[in-house]
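Working notes for the structure below.
The values are calculated or read from the model by the stated rules, or taken from the named source; none is laboratory data. Note that the structure is predicted; figures quoted are calculated from it, not measured. A quick note on method: Cβ atoms are made from the backbone with ideal geometry, for glycine too, and the neighbour counts reach across all protein chains shown. Side chains included, ligands, DNA and RNA excluded: accessible areas come from the protein's heavy atoms. Shrake-Rupley method; radii C 1.70, N 1.55, O 1.52, S 1.80 Å.
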Amino acid sequence: QVQLVESGGGLVQPGGSLRLSCEASGSIISITHMGWYRQAPGKQRELVGVVSIGGSTNYTDSVKGRFTISRDAAKNTVYLQMNSLKPEDTAVYYCKAMVVTAGGRYLEVWGLGTLVTVSS
């Protein structure tokens, strides 16, 4: 059984910064990639950014230059550093991982989400 737990969400003023963390635990052999998604009220879930096992990253255009994804493979943890936050960044942020289990299965696993509110 594999679980993802996000942390670090909260209330921040426009222009401020916040760091989110996501730790994977359970019967994990390896993780091919981890990423962050978000869902704002009344909108569909969208990709924020991903990091591969090799360390390469990509981001949606709206966060480029402001958000940074990093990964600690030894801890099965991914981080999202968010700078210069805008009100439109307000959303529930979800962590997703593609994990390889001991049985050789590839599983897409989601966390329960953490709320980020950007408001003055």
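Phi angles across the stretch 85-99 convert, under the Karplus curve 6.51 cos²θ - 1.76 cosθ + 1.60 with θ = phi - 60°, into 3J(HN,Hα) values of 5, 10, x, 6, 7, 4, 4, 8, 9, 10, 8, 10, 9, 9, 10 Hz, Gly and Pro given as x.
On a per residue basis, the convex hull of the C-alpha atoms belonging to the chain measures out at 91 Å³. Along the Cα-to-C-beta direction of residue 53, a point sits 7 Å from the Cα; which residues of the stretch 103-120 have their amide N less than 20 Å from that point? The answer is 103-110. Working note: Karplus 6.51/-1.76/1.60 with θ = phi - 60° gives the stretch 39-51 the couplings 9, 8, x, x, 10, 6, 5, 10, 6, 9, x, 9, 10 Hz, where Gly and Pro are set to x.
Running Debye on the stretch 49-93 with equal point scatterers at the Cα sites and no solvent, what base-10 log of I(q)/I(0) appears at q = 0.23 Å⁻¹? For the requested q values the scattering log ratios are -0.85. If I take every Cα pair under 8 Å that is 6 or more residues apart in the stretch 27-120, average their sequence separation and divide by the length, what percent do I get for the relative contact order? After rounding, I find 31 percent. Carbon-plus-sulfur accessible fraction, the chain (probe radius 1.4 Å, protein heavy atoms only): 48%. Once backbone amide H atoms are built at 1.01 Å from N, residue 33 has 98 as its partners under 5 Å, excluding neighbours fewer than 5 places away on the same chain. Partner lysines whose Cα lies under 21 Å from the Cα of residue 64, excluding those fewer than 8 positions away in the same chain, are identified as 43, 86, 96. Each part gets one Cα centre, and for the stretch 64-86 versus the stretch 33-57 those centres are 10 Å apart.
Along the stretch 24-38 the Karplus relation, 6.51 cos²θ - 1.76 cosθ + 1.60 evaluated at θ = phi - 60°, assigns HN-Hα couplings of 9, 9, x, 7, 10, 8, 7, 10, 6, 7, 9, x, 10, 10, 8 Hz to successive residues, with x for each Gly and Pro.
Using the alpha carbons alone, the radius of gyration of the stretch 1-64 stands to its Kirkwood radius in an Rg to Rh ratio of 0.99.
Per residue, the accessible area of the chain comes to 54 Å² when a 1.4 Å probe rolls over the protein heavy atoms.
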